[in-house]
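Notes to accompany the following structure.
The values are calculated or read from the model by the stated rules, or taken from the named source; none is laboratory data. What you see is a predicted model, and the numbers here were worked out from it, not measured in a lab. For neighbour counting, all protein chains shown are included, and Cβ atoms are generated from backbone atoms with ideal geometry for every residue, glycine included. Quick note on the areas: whole protein, heavy atoms, side chains included, nothing else; ligands and nucleic acids left out. Shrake-Rupley method; radii C 1.70, N 1.55, O 1.52, S 1.80 Å.
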Amino acid sequence: MAFTEKLLRVPSPIEVAGRHVKRYHVTADPAGIDPAVERAAYALLPALLPEPDGTPPAAFVVLHRGGDDGAYLNVYSWAWDNVLHFAGAAAGQPVLGCPDSDPTRFVRLDRSLIGCVWELPPILHERDAWVWHMLAPDRPDLAGYLADSLPEGTTGDRA
């Protein structure tokens, strides 16, 4: 089967454990990610955020519903002013240590995987948005950063 891009949805940011969290949802399903999968993923989110270190409290997540039973939550938090901290979780993917194929039973990953080809596009955008709004100006603009997300559409084809 030939490679095809997936759909990218961009729900509004949320606040979790004192952090502002921008959200990206990736799926091939035009109906979006099942609400039960979304609830299960976000229930684990607080445990995947690092302790505050003085960096403005911002993060972004990529929630990806795979084409099989898998669901993946990638959590990228800004730390040390200009570094991304990563933590991930998966559900429904026994090869990654999940107990079964239930896409709502998320477990924290202990592997050094940071994302698949459909999950990576937000990282480039978020890097640029962090520089533009937080590092380059004389005064950081957290509100500007939080308002600056990739547009909805697909995970690629952004010429």
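Annotations for the structure displayed:
- For the chain, carbon and sulfur atoms together expose 56% of the accessible surface, with a 1.4 angstrom probe and every protein chain in place.
- Residue-wise HN-Hα coupling along region 57-67, computed from phi with Karplus coefficients 6.51, -1.76, 1.60 (Hz; x: Gly, Pro): x, 9, 8, 9, 10, 10, 9, 10, 9, x, x
- Amide H to amide H distances under 5 Å link ARG23 with VAL61, where only residues 5 or more positions off or on other chains count and H is placed in the peptide plane.
- Packing, as the average of other Cβ atoms within 10 Å across residues, places the peptides 1-11, 18-28 in the order 18-28, 1-11, highest first.
- Rounded to the nearest whole Hz, the Karplus-based 3J(HN,Hα) values (6.51 cos²θ - 1.76 cosθ + 1.60, θ = phi - 60°) of region 111-127 follow the sequence 9, 8, 9, 10, x, 8, 4, 7, 8, 7, x, x, 4, 4, 4, 5, 4, with x at glycine and proline.
- Most fluctuating residue given options LEU73, LEU146, LEU63, as computed from a GNM of the chain linking Cα atoms under 10 Å: LEU146
- In terms of its C-alpha gyration tensor, region 8-159 has a prolate overall shape, because the principal axis ratio a/c (a ≥ b ≥ c, square roots of the eigenvalues) is not below 1.5 and a/b outweighs b/c.
- Calculated mean residue ellipticity, 222 nm, the chain: -5500 deg cm²/dmol, from DSSP H runs (n ≥ 4) at -39500 (n - 2.57) each, averaged per residue and rounded to 500.
- Residue among ILE114, ILE33, ILE123 with the largest mean-square fluctuation in a Gaussian network model of the chain, springs linking Cα atoms under 10 Å: ILE114
- J(HN,Hα) series, region 88-101, from Karplus relation 6.51 cos²θ - 1.76 cosθ + 1.60, nearest Hz, glycine and proline x: x, 9, 9, 9, x, 10, x, 4, 9, x, 6, x, 6, 9
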